Amino acid sequence: MAPGPPSCDTNASVTPTRLSVAMATCNGATFLEAQLSSLAKQTRWPDELVISDDASTDDTLTIAAAFAKTAPFPVVLSKNDTRLGFQDNFLKAARLCSGRYVAFCDQDDVWFPEKLSIVYQTLVQKKASLVAHGATITDARLRPITRLVHGAVANRTYARGTFQPLPGNVYGFTLAFDKALLDLIDPALRPDVPDQPGVKLYHDVWVALLASNFGTIVHLERPLAYYRQHANNVLGARRTRRLDRLAEHLDSPVSHYRNRARFAYQCAEAFEVSASNLAVDLALMAHQGAALYRRIATSFGQRADLFEHPQRTRRLATLVTMLASGVYTSRRRGGLGTLSLLKDLLSACSDQRLRLGALETPPHSP
């Protein structure tokens, strides 16, 4: 049995523990008041709200300062003179928090009153490193559209190393986590976004990656927020039906696999480089994470080779090699899963390049 995650605390169930909310803002005046009002209506108030503003030029800071005067909890305001970008601004806000637990907060959503109470109880009772919950996608006027499709579509607990965070299955506003995760690996070492070389990994996927490798992740199916969609979303919701997901598995370009392999190698490198700076038990977890992501990188490189090679015999040989190495085990065990096996089998046997047509889906969100 591997050592426990960093969030384990035998006194957590009897000793009150601080919970902070980390909000990143940037020209969010249009919807900010509604979000702040929903924080004030929580059945379990945060012990503090930290707002890091990324050089807004509208009334965002004025609205935040006015709220700070009447809020039923402490509010800390911080302004960036030079714009950091939403990823680093969120990480800055989280680092400014004094609570053991931190909940990311967007500037344009609305939280249900019971959100903080439920995620706090789950963090403490489950001794989780990270909790993610469900949400309801709405239009700009908060009229419900559909359920958010991402990792938290069922009540599930992921043991260490059994959940692979990526843009599209992690959404920051649904996350609450142990702040100790932020101290394990220098965020400057975080990999690039898989399909955007040169763009550092989103703050929420980075935190989920750390939580998955060093602790336990709990997904709650219950919607606990309205996820507002509007013209100025930095990144929007991804609406994907099950048939769309299957078609997507059957239509990913070779470059996607090359990028996924690169991403996995960068993850492995970040874990390996950081291991020497960690305590013995955490260093062991870092080495194990590095080994896992090296295997993932190898499997995606092999998949790219399979789809790229023009000769059927070579494709089949690659597929046999992959089957023998066990890369198609379930995703919860770090494998590629059955949908990937189906896709690769069809590609290996077909004389024509497998393509079911491009999907028109909105961008992934952190």
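The values are calculated or read from the model by the stated rules, or taken from the named source; none is laboratory data. Please read all numbers here as calculations on a predicted model, not as lab measurements. For neighbour counting, all protein chains shown are included, and Cβ atoms are generated from backbone atoms with ideal geometry for every residue, glycine included.
All but one of (1) closer than 24 Å to ASP139 by Cα; (2) at pLDDT 95 or above; (3) in contact with a Lys or Arg (Cβ under 9 Å, 6 or more places away or on another chain) hold for ILE217, so report the exception by its number.
(1)
Filter the range 99-129 down to the residues that are part of a loop (DSSP other than H, G, I, E, B) and within 21 Å of PHE214 (Cα to Cα), then identify the one that is nearest to the chain's Cα centre (by Cα).
First, the residues of the range 99-129 that are part of a loop (DSSP other than H, G, I, E, B): 99-100, 106-109, 112-114, 127-129.
Narrowing the set further to residues that are within 21 Å of PHE214 (Cα to Cα) leaves 99-100, 127-129.
On the way: GLY99: 20, ARG100: 19, LYS127: 19, ALA128: 15, SER129: 13 Å.
Within the range 99-129, the match that is nearest to the chain's Cα centre (by Cα) is SER129.
When both residues are 6+ apart or on different chains and their Cβ atoms are under 8 Å apart, which pairs have a first residue that lies in the range 194-214 and is more than 17 Å from LYS92 (Cβ to Cβ), and a second that is among the hydroxyl-bearing types (Ser, Thr, Tyr) and at pLDDT 95 or above?
Qualifying pairs under 8 Å: ALA211/SER129; PHE214/SER129.
Every residue, every condition in (1) modelled with pLDDT of 95 or more; (2) surrounded by 15 or more Cβ atoms within 10 Å (Cβ to Cβ); (3) not in a loop (DSSP other than H, G, I, E, B); (4) not assigned by TED's automatic domain parsing to the domain that holds ALA176, yes or no:
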{"position": "SER37", "(1), (2), (3), (4)": "yes, no, yes, no"}
{"position": "SER52", "(1), (2), (3), (4)": "yes, yes, yes, no"}
{"position": "ALA66", "(1), (2), (3), (4)": "yes, no, yes, no"}
{"position": "ARG83", "(1), (2), (3), (4)": "yes, no, no, no"}
{"position": "VAL131", "(1), (2), (3), (4)": "yes, yes, yes, no"}
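How many residues, within the range 73-110, are under 25 Å from LEU148 (Cβ atoms) and among the charged types (D, E, K, R)? Full working, then the answer.
Initial filter on the range 73-110 (under 25 Å from LEU148 (Cβ atoms)): 85-91, 93-94, 97, 101-110.
Adding the requirement that they be among the charged types (D, E, K, R) leaves 88, 106, 108-109.
Going through the range 73-110 one residue at a time, the tally reaches 4.
Quick check on my filter: what residues within the range 87-98 are in contact with a strand residue (DSSP E or B) (Cβ under 8 Å, 6 or more places away or on another chain) and either surrounded by 20 or more Cβ atoms within 10 Å (Cβ to Cβ) or among the acidic types (Asp, Glu) (or both)?
Residues satisfying the conditions are GLN87, ASP88, ASN89, PHE90, ALA93, ALA94, CYS97.
Go through LEU166, LEU210 for me and flag whichever is buried (at least 18 other Cβ atoms within 10 Å of the Cβ), at pLDDT below 95 and not acidic (Asp, Glu).
LEU166
For the range 306-321, what are the residues that are under 27 Å from THR162 (Cβ atoms) and in contact with a Ser or Thr (Cβ under 7 Å, 6 or more places away or on another chain)? Please lay out each step first, then the result.
Of all residues in the range 306-321, those under 27 Å from THR162 (Cβ atoms) come to 306-307, 318-321.
Listed by number, the residues that qualify are LEU306, PHE307.
Restricting to the range 297-323, and then to whatever is polar (S, T, N, Q) and over 11 Å from CYS349 (Cα atoms), can you tell me which residue is surrounded by the fewest Cβ atoms within 10 Å (Cβ to Cβ)?
Applying the filter and picking the extreme gives THR321.
Here are some conditions: (1) surrounded by 17 or more Cβ atoms within 10 Å (Cβ to Cβ); (2) touching a helix residue (DSSP H, G or I) at 6+ places or on another chain (Cβ under 8 Å). PRO113 meets all but one. Which one does it not meet?
Failed condition: (1).
Restricting the range 99-110 to residues that are farther than 26 Å from ALA140 by Cβ and not hydrophobic (A, V, I, L, M, F, W, C), which is surrounded by the most Cβ atoms within 10 Å (Cβ to Cβ)? Break it down into steps so the answer makes sense when it comes.
At the first step, the residues of the range 99-110 found to be farther than 26 Å from ALA140 by Cβ are 99-102.
Among the residues that remain, those that are also not hydrophobic (A, V, I, L, M, F, W, C) are: 99-101.
Numbers: GLY99: 20, ARG100: 18, TYR101: 27.
Taking the candidates together, the pick is TYR101.
Considering only the range 285-319, state which residues are over 30 Å from the mean Cα position of the chain (by Cα) and of a type in the set (Ser, Thr, Tyr).
THR313, THR318
I need a count of the residues in the range 68-81 that are assigned to a helix (DSSP H, G or I) and buried (at least 16 other Cβ atoms within 10 Å of the Cβ).
The total comes to 1.
For the range 35-81, enumerate the residues that are out of contact with any Phe, Trp or Tyr (no Cβ under 9 Å at 6 or more places or on another chain) and in contact (Cβ under 8 Å) with a residue 60 or more places away in the chain.
Selection gives THR43 alone.
Could you tell me whether VAL280 is touching a strand residue (DSSP E or B) at 6+ places or on another chain (Cβ under 8 Å), of a type in the set (A, V, I, L, M, F, W, C) and at pLDDT 95 or above?
Answer is no for this residue.
I need a count of the residues in the range 143-190 that are under 17 Å from SER129 (Cβ atoms) and among the β-branched types (Val, Ile, Thr).
5
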